[in-house]
Each structure stands twice: as C-alpha cells, then as structure tokens.
1. Label the stretch 43-172 by shape, choosing from rounded, prolate and oblate, from the square roots a ≥ b ≥ c of the eigenvalues of the Cα gyration tensor; if a/c is under 1.5 it is rounded, and otherwise prolate applies when a/b is larger than b/c, oblate when it is not.
2. Output the pairs from Lys102/Lys137; Lys109/Lys146; Lys42/Lys109; Lys216/Lys239; Lys42/Lys165; Lys119/Lys146 with a Cα-Cα distance over 24 Å in this structure; if there are none, say none.
3. Relative contact order for the stretch 43-172 using alpha-carbon pairs under 8 Å, separation at least 6, rounded to a whole percent?
4. Just grab the label-to-label distance for Asn52 and Glu238, each label 7 Å out from Cα along the Cβ direction, in nm (one decimal).
5. Computed FRET efficiency, Cβ-Cβ of Lys230 and Val128, R0 30 Å: what is it to the nearest 0.05?
6. List the residues of the stretch 211-234 whose backbone N lies under 15 Å from a point placed 7 Å from the Cα of Asn253 along the Cα-to-Cβ direction.
Amino acid sequence: MGSALLSRYRNSLRFGSVFFTLNLKIYFFFCATICYITNIMKKIRIIVIEDNRLLRDGITDMINAQPDLRVVDDLEDNVKIETVILEKNPDIILIDLGLQSKNSLELVKSMKKNFPDVKFIVMDLFPVQEDIFEFVKAGASGFILKNAGVAEFLKTIRLVFQGEKILPSNLTNSLFTQIVHEAVNGPKEQLLIRSVRMTKRERQVIELVSDGLTNKEIGQKLHLSPYTIKSHVHNILEKLAMHNRIEIANYANTDNSFNDIRDSISLMDEDDN
C-alpha cells in the first residue's frame with residue numbers, strides 16, 4: 001500500500017514537472033513572439049513607388065538592410081496605390097517625381113488628402129525649384145536626390161519620419177528654403193523680407209546688374225576684378241533662388257521687391273579681394 005502511494009506520488013511529480021516545463025516553453029515562445037512582433041511594429045514602414053525596376057529593387061534592398069526600416073511594398077506606377085496604402089499602412093512613401101503613367105504631383109495631392117498621416121518623400125535626379133515648391137505645397141515632406149549617398153538617403157527617411165521637412169542639400173541656406181517654409185506655414189511677408197541676408201556689396205552688385213552692366217563694367221565701377229563680381233552674382237542667384245541676371249534685374253526693378261526691402265535688408269560687412 002505504501003509503495004503504491006509512493007509510486008503515485010512520483011508519477012504526479014513527474015507529470016507536474018512535464019506540465020511545468022511545457023508551460024515554461026509556451027511562456028518563452030509567447031514572449032519571443034511578442035518581442036518579434038514589437039520589433040516589426042517599431043520599424044519605419046515604407047512603400048517605394050518607382051517605375052524603374054532595377055532602381056526600385058536597389059532602393060528596397062538598401063532600406064531593408066537597416067534594422068529600423070522596412071519596405072512593406074514596392075510598386076510600379078500602374079497599380080491602385082490607395083488599396084496598397086490601406087492594406088500596408090505605411091509611415092512613409094518614397095515616390096519618383098517622373099512617373100511615366102501617373103502624374104506624381106497629383107498623386108501626392110490626392111494621397112495626402114485621403115491619408116494625411118502618411119509622409120511623402122519625392123525622389124529625383126535634378127529637381128528644379130518650381131517642382132520642389134509645388135510638391136511641398138501639395139504636402140511632400142522631403143526630397144531625396146537619386147545621386148545622394150546611402151547615408152544621406154537613409155538620414156532623410158529617418159528625419160522625415162520624425163516630422164522634419166528635408167530639402168535637397170544644394171538649396172539649403174538660400175532664400176528658397178525660406179520661401180518653402182512660408183508656403184508650408186502661411187504667408188508672412190515681413191518675416192520673409194527680414195530673412196534675406198545680403199551683404200552691402202551684393203546689394204551694390206544687384207543695383208548695377210539691374211542697370212545692365214557686365215561683370216567687367218561692374219568691376220571697374222567698384223574697383224574689383226570681374227572674377228570677384230562673378231562670385232557675387234553667383235551668391236546673389238543662390239540666395240534669391242534665381243537662375244540668371246535678367247531675373248536679378250527684374251527683382252531689383254519691381255516696386256514691391258528690391259525697392260521695398262533695400263532699407264530693411266540685413267547687411268553684413270564683407271572684405272573683397
């Protein structure tokens with residue numbers, strides 16, 4: 001009788017041990033699953049829209065190699081994007097500026113209207129300022145140059161996810177950056193005027209360019225070399241987001257532009273060579 005009870009006791013201990021081990025395994029499996037799901041959910045979810053298959057695959061592989069980024073879908077431009085957004089729930093959409101069968105600008109406008117929380121980053125090789133301005137007004141959060149380095153490419157994605165607006169690096173510190181800022185945050189003309197930082201010499205060059213003088217003629221008047229004047233003209237074009245001397249002259253002779261800001265413009269002393 002005693003041996004039977006002892007046997008039953010041992011069996012119950014063995015069963016309890018097996019049951020405990022099984023529960024422990026289930027517990028650890030459950031924890032691992034939760035950690036895996038949590039890790040996936042923490043990743044920045046991205047959709048890539050690019051009609052060049054080779055480029056699209058390269059971008060996808062580059063992004064998926066990052067621990068905090070994940071391409072949830074990569075698309076050509078001939079699919080119904082709204083359905084994919086609803087299904088994949090992306091944080092960011094990378095979109096080619098020059099899609100062949102769709103208007104990228106109109107696509108960003110409509111998608112931002114229907115999915116306001118999704119952030120759009122536009123990709124292009126050489127975006128012009130007019131395109132950038134229109135895309136920012138449409139709701140794009142950033143631009144990536146297709147010839148950008150990998151580190152810059154990935155940094156742009158992460159900064160946009162954090163809520164920043166990213167422009168191509170060649171446009172930073174120009175007046176165009178301020179113009180885009182005003183387009184996003186509302187017109188504040190006086191604030192925009194005060195944001196223009198022009199040297200006294202640059203203001204002189206603007207006035208002489210508007211009179212139709214060449215670099216050599218301006219240099220003679222200011223006792224500077226034509227190369228120094230050329231450098232000033234280049235800086236003026238960058239700061240004012242312009243393309244040529246005609247635009248500078250038009251800017252200087254417009255009643256509500258240069259004539260109105262010449263007294264309020266921020267001047268910086270400068271030593272010329």
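None of the figures in this text is laboratory data; all of them are computed from the coordinates on show. This one's a predicted model, so the numbers in the text were calculated from it and none came from an experiment. FYI the Cβ positions are ideal-geometry reconstructions off the backbone, even for glycines, and counts take in every protein chain you see.
1. Rounded shape, in that the Cα axes give a/c under 1.5.
2. Going by Cα-Cα distance, Lys42/Lys109 fall outside the 24 Å limit.
3. Here the relative contact order equals 21 percent.
4. 2.7
5. The pair Lys230/Val128 has a calculated efficiency of 0.85.
6. 211-214
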